[in-house]
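A.B. asks: Right, I'll just put the structure down here and ask away after.
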Amino acid sequence: MFGDHGPAIPARYAFDVCTEHPGPVRTKAGYDLLVTAGLDALERADTVLVPGWHQAPGSEVPPAVVAAVRRAHRRGARIVGICSGAFVLAAAELLDGWRAATHWDQAAELAARFPQVRVDPAVLYVDHGDVATSAGSAAGVDLCLHLVRADQGAAYAMRIARQMVLPPHREGCQLQYAELPTSGPVTDSLAPLLEWLAERLDQPVSLAEMAVRSQVSARTLTRRFTEQLGISPGRWLLDRRIAATRALLEETDLPVETIARRVGLSSAVNLRRRFHEALRTTPAAYRRTFRTDEAG
């Protein structure tokens, strides 16, 4: 995004790569990077991008990296965390009290390790001007394109997007890519009820009916759901209906009204509202993004 795009697009950034220990840097892509610049490069940069943090879960960011990032920020550099790079910014206390993004699969860990950070698991990226964070790799591209747009203007950013065959802006948020929470292992007390509910998504089912089916009171049933699944019976049922909606949008050409009836959301209006609340996008936009095309 910040590199050389050929003679058709004038270069407006000087770009370099640095590391704490110059030399070969192992990647998860099957090859090593030979990086010659050390952390002193951060003393000259106007923007510092941390492309990821691939250490073992729970491991600490090296003090030298934290110190270098803090110094760069204090002198006015913009600090950007791509995906798990947000952990480095959080370790440097640059996100304290601020909203931040990271990959949806790591949002809970970031929130647990750094409770002072307001982790938003939905958005593609968050830009506060001096610090910015993004979700996964593709969302990092979205954020970098946003930064180029802010620095150089929309026309220049559009030229780069076209050169890289990228959309200038993506619809929705990363919730549409995240896996919905599953039931996980449940005790025998709930398993029969969950199976019964999954077979009747197209039918309205009240809490009272669930309680009768389980032969317990509504209060007891709600307590069991909370203890075993961490959510209410209604929330569990809605999550399953949203998951069924996603599958039908991806795999069929059924109209939204028909899908709404099949998953028990009664109407297209209700489905669109519930879908947008859950995934921050519309059924139509979701279908355009994820529609299975057997022709390739």
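A.B. asks: Restricting attention to region 80-93, and to residues there that are open to solvent by less than 30 Å² (accessible area, probe 1.4 Å) and not in a helix (DSSP H, G or I), which single residue is farthest from LEU145 (Cα to Cα)?
C.D. replies: Just the residues of region 80-93 that are open to solvent by less than 30 Å² (accessible area, probe 1.4 Å), to begin with: 80-92.
Okay, now just the ones that are also not in a helix (DSSP H, G or I), so 80-82, 92.
Values: VAL80: 13, GLY81: 14, ILE82: 12, ALA92: 25 Å.
Only one residue fits best here, namely ALA92.
A.B. asks: Could you tell me which of the residues ALA155, ALA112 is modelled with pLDDT under 90, assigned to a helix (DSSP H, G or I) and open to solvent by 50 Å² or more (accessible area, probe 1.4 Å)? Even if it seems obvious, please write down each step before you answer.
C.D. replies: Details: ALA112 fails: modelled with pLDDT under 90.
Step by step, each of ALA155, ALA112 is checked, and only ALA155 is modelled with pLDDT under 90, assigned to a helix (DSSP H, G or I) and open to solvent by 50 Å² or more (accessible area, probe 1.4 Å).
A.B. asks: Taking the conditions exactly as written (within 21 Å of ARG280 (Cβ to Cβ), touching a Gly at 6+ places or on another chain (Cβ under 6 Å), surrounded by 15 or more Cβ atoms within 10 Å (Cβ to Cβ) and in contact (Cβ under 8 Å) with a residue 12 or more places away in the chain), does HIS103 satisfy them or not?
C.D. replies: Judged against the criteria, HIS103 is a match.
A.B. asks: Then there is this: Please indicate, with yes or no, whether at least one residue in region 265-272 is of a type in the set (Val, Ile, Thr), over 25 Å from the mean Cα position of the chain (by Cα) and more than 22 Å from LEU207 (Cβ to Cβ).
C.D. replies: Yes: one or more hits.
A.B. asks: Ok, one more. Condition first: among the polar types (S, T, N, Q) and either buried (at least 18 other Cβ atoms within 10 Å of the Cβ) or in a helix (DSSP H, G or I) (or both). Now tell me which residues in region 235-291 satisfy that.
C.D. replies: The first filter runs over region 235-291 and keeps only residues among the polar types (S, T, N, Q), leaving 245, 252, 258, 266-267, 270, 281-282, 289.
Within region 235-291, THR245, THR258, ASN270, THR281, THR289 qualify.
A.B. asks: Counting just the residues of region 201-225 that are surrounded by 14 or more Cβ atoms within 10 Å (Cβ to Cβ) and among the aliphatic types (A, V, I, L, M), which one comes out nearest to the chain's Cα centre (by Cα)?
C.D. replies: Here the answer is LEU201.
A.B. asks: Further, regarding this structure: Among what's in region 115-135 and is within 22 Å of ARG74 (Cβ to Cβ) and acidic (Asp, Glu), pick the residue that is surrounded by the fewest Cβ atoms within 10 Å (Cβ to Cβ).
C.D. replies: This residue is ASP130.
The values are calculated or read from the model by the stated rules, or taken from the named source; none is laboratory data. None of these values were measured; they are calculated from a predicted model. Positions of Cβ are generated from backbone atoms using ideal geometry, with glycine treated the same way; all protein chains shown enter the neighbour counts. Heavy atoms of the whole protein, side chains included, go into the accessibility calculation; ligands, DNA and RNA do not. Shrake-Rupley method; radii C 1.70, N 1.55, O 1.52, S 1.80 Å.
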